Amino acid sequence: MTDREIEEVYQIIKDYHEKYLKKHGVKLPKLKDADGKYTRNALVLIYLAKFYPSTVLVTKQDLTAFIRKFYPETNDVQQARHLGAQSGWFISAGGRDNVHVKKIGEYRLITLERPYPNFKGHRIETTGNWENIKQQYGNRCATCGSEENKKNIHYPNTITKLQKSHIDPFKSLIEGNIIPQCQKCNRAYRNFWVFDERGRVRGIAKPAVIKKCSKDIKWKIYKILYNEFKGTNPNE
Ligand SMILES: [Zn+2]
């Protein structure tokens, strides 16, 4: 691959990462290190994504040969496996139980639109105090008050399971930005609102929610915005 091809494929990976993977905690490796050399992780991803969205099976030998062009001393490329299960890129590594890739030593990038199945990102490590957080709320949903493992207040046929919810959906799910919510509240509010730490709505996170307002409210919102932005055409 030429430098130009490498950069083009990296840009594609970068765009998909920004759109689909970053929010799950998948980290994009840098293209080049401080010395201006391509990083091994970036090279491996680029090789796997070469024909994206069509992707092909790649053997460890292919990968090793490619990496050796940049790092001649390379013996054995392990990056593809690590980039998958550990780092969250949906790269299947061959093996008995794998539905995508059968043979050991073969890899395939499945998609750049979803992280590796069950990838938990770095959220788990930074939310190690989940039990503490729940305790602070008396093991109840911050929004509706339903208690964990008991009947949901509003849905008596549902046993309450508490889930980590964002206080502010624009920030990551780390301590300080987590409230426990029952599965009903978490699902109903999705990423529409910004909450306070008491589970009360204090702002809009998704502007499209105003489409549900009455014409009268929309008009009032329009007036506020019209004044604030002094009648600027939003498309300019
Ligand atoms: Zn609730």
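Some points to look at:
- Part-to-part distance (alpha-carbon centres) for region 3-72 and region 183-236, which is given in Å: 39 Å
- Site-free segments of the chain were taken between chymotrypsin sites (Phe, Trp or Tyr not before Pro) in DSSP loops having at most 12 other Cβ atoms within 10 Å, sites themselves excluded; the longest one is 52-169.
- Dimensionless Rg ratio for the chain, taking C-alpha atoms and the 2.2 N^0.38 Å reference: 1.33
- Semi-axes of the equivalent ellipsoid for region 61-191, computed as √(5λ) from the eigenvalues of its C-alpha gyration tensor and ordered from largest down, come to 42, 17, 12 Å.
- Share of Cα-Cα pairs in region 3-111 lying beyond 23 Å, as whole percent: 22 percent
- The loop-placed trypsin sites (Lys or Arg not before Pro) in region 37-116, going by DSSP, that have at most 15 neighbouring Cβ atoms within 10 Å of their Cβ come out as Lys37, Lys69, Arg96, Lys102, Lys103.
- Helix runs (DSSP H) in the chain reaching 15 Å along axis by Cα, Kyte-Doolittle at least -1.0: 215-228
- For region 134-178, the orientation-averaged shadow of the C-alpha convex hull comes to 3.2 nm² (one quarter of the hull surface).
- The lysine pair count for region 1-128, using Cα distances under 14 Å and pairs eight or more places apart or on different chains, is 14.
- Cα-based equivalent ellipsoid of region 61-104: semi-axis lengths in Å, sorted from largest, via gyration tensor: 22, 12, 7
- Considering only Cys185, Cys213, Cys144, the Gaussian network model of the chain with Cα springs below 10 Å gives its largest mean-square fluctuation to Cys213.
- Taking every DSSP helix (H) stretch of at least 4 residues in the chain, weighting each as -39,500 (n - 2.57) and dividing the sum by the residue count yields a mean residue ellipticity at 222 nm of -7500 deg cm²/dmol.
- Debye log10 I(q)/I(0) at q = 0.23 Å⁻¹ for region 123-205, Cα point scatterers: -1.07
- Net charge in the neighbourhood of Tyr52 (other residues with Cβ under 13 Å of its Cβ; Lys, Arg +1, Asp, Glu -1) is -1.
All of the numbers you see were taken from the coordinates with simple rules; none came from a lab. All values derive from a computational prediction rather than experimental measurement. A quick note on method: Cβ atoms are made from the backbone with ideal geometry, for glycine too, and the neighbour counts reach across all protein chains shown.
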